[in-house]
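Undergrad: Below is one structure. I have some questions about it.
None of the figures in this text is laboratory data; all of them are computed from the coordinates on show. Keep in mind that this is a model prediction, so the values were computed, not measured. Glycine gets a Cβ as well: all are built from the backbone with ideal geometry, and neighbour counts include every protein chain shown.
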Amino acid sequence: MADFDMSKDYQIAGAILFPMALVGLACNLSVVAFLNSMPSLNNSFGSLTLSQAIVDSIHQLLFAFYFAPTIYFRNSAMYSVSDHFGFAILSAYQICCFSHVSISVNRFVAVCAPLTYSKLFSKWNTRRIIVSYWILGIGIMTYMLKFVDCAIYLPAGTWIFTFKDTPSCHTVMWYGDFMLNSISV
């Protein structure tokens with residue numbers, strides 16, 4: 001073990017994560033620009049994909065400009081607000097999961113039930129679906145991380161988000177995090 005210097009691993013992680021998150025952000029923003037410029041994608045699939053690209057951009061933005069600098073510089077002020085950023089990152093992730101499910105259902109119905117597709121995925125219904133999964137994602141995370149005695153935070157000096165160690169947080173980790181993501185993925 002003495003052959004390896006692990007004292008700078010956090011800087012390596014931050015240095016790798018920052019450009020990766022920037023590439024993800026740039027790709028998602030290019031998808032947003034592309035979808036807005038293509039009239040042929042002004043449909044249900046395009047709207048669902050646009051919503052997913054926007055929330056994925058938010059997720060990557062938080063990783064690039066909060067998480068990577070926090071672990072690279074180990075700034076105590078940035079660690080002190082990590083529960084708020086953890087909430088935002090996890091909310092964005094949850095909305096991404098719900099949007100992926102919605103896009104999958106959209107494609108499934110388009111292929112397997114094309115006669116009902118236009119009714120199920122009308123512009124009005126698509127907007128309701130998008131608003132619903134944004135509200136659901138934020139609502140679930142707000143309940144789990146704000147109303148229940150639980151928070152996801154970045155402990156000072158570390159580079160992995162973790163949940164508070166409370167009995168209610170253990171329940172949230174199992175049902176609200178693991179089970180919810182297992183079902184939606």
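Undergrad: How far, in degrees from 0 to 90, does helix 44-62 lean away from the longest principal axis of the Cα atoms of the chain, to the nearest 10?
TA: 10 degrees
Undergrad: Placing +1 at every Lys and Arg Cβ and -1 at every Asp and Glu Cβ, with all other atoms neutral, what dipole size does the chain have around its Cα centre, in debye to the nearest 20?
TA: 840 debye
Undergrad: If you don't mind, another one. Give the lysines reachable from K164 as a straight Cα distance under 30 Å; neighbours fewer than 8 places away on the same chain don't count.
TA: Cross-link targets: K8, K146.
Undergrad: Using Cα springs under 10 Å in a Gaussian network model of the chain, which residue among L120, L154, L90 shows the largest mean-square fluctuation?
TA: Sorting by GNM fluctuation, first place goes to L120.
Undergrad: With volume of the Cα convex hull per residue in Å³ defined as stated, name the option among (1) 149; (2) 113; (3) 189 computed from the structure displayed.
TA: Of the labelled values, this structure produces (1).
Undergrad: With runs of 4+ DSSP H residues as the only contributors, calculate the mean residue ellipticity of the chain at 222 nm using -39,500 (n - 2.57) per run, divided by the residue total and rounded to the nearest 500.
TA: Details: 9 runs with 127 residues, N = 185.
Dividing the helical sum by the residues of the chain leaves -22000 deg cm²/dmol.
Undergrad: Are there chymotrypsin sites (Phe, Trp or Tyr not before Pro) in the range 1-90 that DSSP puts in a loop and that have at most 15 other Cβ atoms within 10 Å, and which ones? Show your work: numbers first, answer last.
TA: Numbers: sites: F4, Y10, F34, F45, F63, F65, Y66, F67, Y72, F73, Y79, F85, F87; in loops: F4.
Hits after loop and neighbour filter: F4.
Undergrad: Where the centroid of each part is defined by its Cα atoms, how far is the range 55-121 from the range 130-185 in Å?
TA: So the two Cα centres are separated by 13 Å.
Undergrad: Take the range 30-140, drop everything but the C-alpha atoms, weight them equally and run the Debye formula without solvent; then report log10 I(q)/I(0) at 0.10, 0.19, 0.20, 0.24 Å⁻¹ to two decimals.
TA: With no solvent term, the Cα-only Debye profile gives -0.37, -0.96, -1.02, -1.27.
Undergrad: Counting only C-alpha contacts under 8 Å and six or more residues apart, can you give the relative contact order of the range 9-184 as a whole percent?
TA: Details: 195 pairs, mean separation 42.9, N = 176.
It rounds to 24 percent for the range 9-184.
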